[in-house]
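Shown next, in structure tokens, is the structure this report addresses.
The values are calculated or read from the model by the stated rules, or taken from the named source; none is laboratory data. What you see is a predicted model, and the numbers here were worked out from it, not measured in a lab. Counting neighbours? That spans all protein chains shown, and the Cβs are built from the backbone with ideal geometry, glycine included.
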Number of protein chains: 2
Amino acid sequence: MLRPVNDRFLRACRAEPVDRTPVWFMRQAGRYLPEYRALRGDREVLETCRDPGTVVELTLQPLQRMDVDAAIVFSDIMVPLAAVGVDVRIEPGAGPVVAEPFRSAADLARLRPLEPEADVPYVLEAIRLLRKELDVPLIGFAGAPFTLACYLIDGGPSRNHERTKTLMRADPEMWERLMRALTNMVLDHLAAQVHAGAQAVQVFDSWVGALDPDDYAHFVLPWMREIFAGLELGVPVIHFGVGTGDLLDLMRDAGGDVMGVDWRTPLHLAWERVGFAVGIQGNLDPTACLGPWDVVEHKALAVLRRAAGRPGHVFNLGHGVLPDTDPDTLRRLVDLVHERTAAP
Amino acid sequence: MLRPVNDRFLRACRAEPVDRTPVWFMRQAGRYLPEYRALRGDREVLETCRDPGTVVELTLQPLQRMDVDAAIVFSDIMVPLAAVGVDVRIEPGAGPVVAEPFRSAADLARLRPLEPEADVPYVLEAIRLLRKELDVPLIGFAGAPFTLACYLIDGGPSRNHERTKTLMRADPEMWERLMRALTNMVLDHLAAQVHAGAQAVQVFDSWVGALDPDDYAHFVLPWMREIFAGLELGVPVIHFGVGTGDLLDLMRDAGGDVMGVDWRTPLHLAWERVGFAVGIQGNLDPTACLGPWDVVEHKALAVLRRAAGRPGHVFNLGHGVLPDTDPDTLRRLVDLVHERTAAP
């Protein structure tokens, strides 16, 4: 790396003082960018993920437009499942659809262990290539076991995740075997990304907010704890979910250096709940970025006020960038956060 | 009424002592009942709602199977909107779809004031007929302005409600006019239902949990406050939403005698947040009722433990009964709650 590395994001993840609050956006490499749509064309997302050259270019696109303080490798949480042979495709505008959803213990045979160098070489190759290009830290990621299970069992996006939640409670033995397989897959996938050069990782437990705290504690927390305990990789780990206001303390107990929090919980309350020993990432409503600039500014400043300049805040949206977002809004938002949090 | 009225539900709404914790279920008159599917046949929901004879029969069906302590008139939150001329239909398995979603102030002309006796006589007639049949209290209901606006503006079920939230923030003048019209409609509709004989009402702000607390306080709370202040009808009012853990204190400030709470917030925490001056309704995960009986029992008893026998608890699911629910599970659940909370 010839250029100096902007390490604001990594410092914030370690709750160290920063010259400005770091900013990045989930799905910053995504459909809201015309250059993303042009480059991906009609290719399916998972197919696109298997081409390291395209992955590198897509990952870099948002950095050419705005001064975000981290890059996240372009990929999808379903990539490792597809790599071990699960028949899944990402339906445009909907999300992952699994051709034959898991219904019984016999389906578990379809989840062989992930061998990252053999199964997802394109992810690791893209990470190695990106590290040569980037002057900001590179984030790797994986979906968490519960969220992956939602797609495997419900078969696709689901309002209530009813098949997953029912199987989990009705067949704890199958659930345990499924969580065991997915936990190992997540651990292997994340470790390989870090060994390839990822400087931080995020675990996306996007749908875990559908659970009540009892179910979370019983069916999910032990596996998440194993993941965070197993990730002694020397890089910061972000633990993310949506609609998790009343799970945050349990999620913090499971682990993670930085807790992601969506917009439903005011940032200062979320931080009080998880304690100031961990960092916090968030928490602007992504729909705010669809509005006029004065709305974006007003709501972003409310987030900053609640963060109160405390070390350990990573500014982000509460979920991914929405496809109808104007890229220029995000560019201005990055500048706003940097300006308003500049050390004197 | 010849038969004695079971007033357990009304007493709990007023936080008075009860001989057993009352139970009813949102969407207890619904698709999970074979006799419901048989009676409704292929008729669209809104069409079904316009036939008082069918409404009476559908409302009574669950009471013939289980000892619920309240009935809720079979209807839909979109009924008053359809009655003033909005072109809406309920798509099977999806929800309300508005043919021409509201996009500009010109669309507001499509919302004329509701004249209940002329516009929704079938709702009022069904309530009058039901009061002659029932020995449990009858609940009337309406959708809250924000939730109705989500359907009018996003045009149908929406994961992010992005058009609604964007319009709300970007065009506060149109938002105010829309909320004014919907608030008046809700007030008129609920008052008419009470005058016809409804002994309690529930306001469904089902999608309000999509908002951050700032937006709720600014764009929704004033209208909800006006509704609850205007409902001096002498009957208990239940204020319901989903995913509202961090809105509960604001929703309590808006009003309502009983606060509905879904499964994401443990009942005792929710009650602490809203204060013990109001009652609380909930909060079993509806997907729990898809599981084997031991799961249902285990999770229902956890709700009862958290309610701790305090006056003011109305047992319910955290959202509507799911179509795949076994009716017999609900019957056993009602009996379980009654048995375990029986005064000695």
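Return the pair list, or none, for Cβ contacts closer than 6 Å from residues in region A:219-235 that are without any contact (Cβ under 8 Å) to a residue 24 or more places away in the chain and closer than 23 Å to A:Cys150 by Cα to residues that are aliphatic (A, V, I, L, M) and in a helix (DSSP H, G or I), at least 6 apart or on different chains.
If the second residue must be aliphatic (A, V, I, L, M) and in a helix (DSSP H, G or I), no pairs are left.
Which of (1) closer than 21 Å to B:Arg11 by Cα; (2) within 14 Å of chain A (Cβ to nearest Cβ) does B:Arg252 not meet, given it meets every other one?
Among (1) closer than 21 Å to B:Arg11 by Cα; (2) within 14 Å of chain A (Cβ to nearest Cβ), B:Arg252 violates only (2).
Go over the candidates A:Ala126, A:Ala118 one by one and state the one that is outside any loop (DSSP other than H, G, I, E, B), surrounded by 15 or more Cβ atoms within 10 Å (Cβ to Cβ) and among the small types (Gly, Ala, Ser).
Answer to the check: A:Ala126.
What are the residues in region B:276-327 that are surrounded by fewer than 22 Cβ atoms within 10 Å (Cβ to Cβ), in contact with a Lys or Arg (Cβ under 8 Å, 6 or more places away or on another chain), more than 11 Å from chain A (Cβ to nearest Cβ) and more than 17 Å from B:Arg340 (Cβ to Cβ), if any?
Result: B:Phe276, B:Val278, B:Pro327.
Select, from B:Glu226, B:Glu232, the only residue that is among the acidic types (Asp, Glu) and at pLDDT 95 or above.
Answer to the check: B:Glu226.
Determine the pairs where a residue that is small (Gly, Ala, Ser), located within region B:7-19, has a partner that is not in a loop (DSSP other than H, G, I, E, B) with Cβ atoms under 7 Å apart, the partner being 6 or more residues away or on another chain.
B:Ala12/B:Gly279; B:Ala12/B:His313; B:Ala12/B:Val314; B:Ala15/B:Gly279
For region A:228-269, give me the residue count where each residue is surrounded by fewer than 21 Cβ atoms within 10 Å (Cβ to Cβ) and small (Gly, Ala, Ser).
4
Find all pairs meeting these conditions: Cβ atoms under 8 angstrom apart; at least six residues apart or on different chains; first residue within region B:31-51 and surrounded by 14 or more Cβ atoms within 10 Å (Cβ to Cβ); second residue aromatic (Phe, Trp, Tyr) and in a helix (DSSP H, G or I).
Partner pairs satisfying both residue conditions: B:Cys49/B:Tyr122; B:Arg50/B:Tyr122; B:Asp51/B:Tyr122.
Being of a type in the set (Phe, Trp, Tyr), under 13 Å from A:Val79 (Cα atoms) and touching a Lys or Arg at 6+ places or on another chain (Cβ under 9 Å) is the filter here, so list the residues in region A:102-152 that pass it.
Within region A:102-152, A:Tyr122 is the sole residue that qualifies.
If I ask for residues that are of a type in the set (A, V, I, L, M, F, W, C) and farther than 22 Å from A:Pro121 by Cα, which ones from region A:24-66 would you list? Before you say what the answer is, go through the steps one by one.
The first filter runs over region A:24-66 and keeps only residues of a type in the set (A, V, I, L, M, F, W, C), leaving A:24-26, A:29, A:33, A:38-39, A:45-46, A:49, A:55-56, A:58, A:60, A:63, A:66.
Within region A:24-66, A:Trp24, A:Phe25, A:Met26, A:Leu33, A:Ala38, A:Leu63, A:Met66 meet the criteria.
Picking from B:Asp262, B:Asp257, which residue would you name as being under 21 Å from B:Phe276 (Cα atoms), among the acidic types (Asp, Glu), in contact (Cβ under 8 Å) with a residue 12 or more places away in the chain and more than 14 Å from chain A (Cβ to nearest Cβ)?
B:Asp257
Considering only residues that are away from chain A (no Cβ under 14 Å) and within 16 Å of B:His239 (Cβ to Cβ), which ones fall in region B:199-219?
Across region B:199-219, the qualifying residues are B:Ala200, B:Val201, B:Gln202, B:Val203, B:Phe204, B:Asp205.
Name every residue in region B:84-100 that is surrounded by fewer than 16 Cβ atoms within 10 Å (Cβ to Cβ), in a loop (DSSP other than H, G, I, E, B) and on the phi < 0 side of the Ramachandran plot, in order of residue number.
Those that are surrounded by fewer than 16 Cβ atoms within 10 Å (Cβ to Cβ), in a loop (DSSP other than H, G, I, E, B) and on the phi < 0 side of the Ramachandran plot: B:Asp87, B:Pro92, B:Ala94, B:Ala99, B:Glu100.
Can you tell me which residue is nearest to the other protein chains (Cβ to nearest Cβ) among those in region B:129-175 that are in a strand (DSSP E or B) and within 27 Å of A:Asn160 (Cβ to Cβ)?
Result: B:Gly143.
Which is in a helix (DSSP H, G or I), buried (at least 24 other Cβ atoms within 10 Å of the Cβ) and more than 18 Å from the chain's Cα centre (by Cα), of B:Leu190, B:Leu178? Lay out the reasoning, then the answer.
Working: B:Leu190 fails: more than 18 Å from the chain's Cα centre (by Cα).
The match here is B:Leu178.
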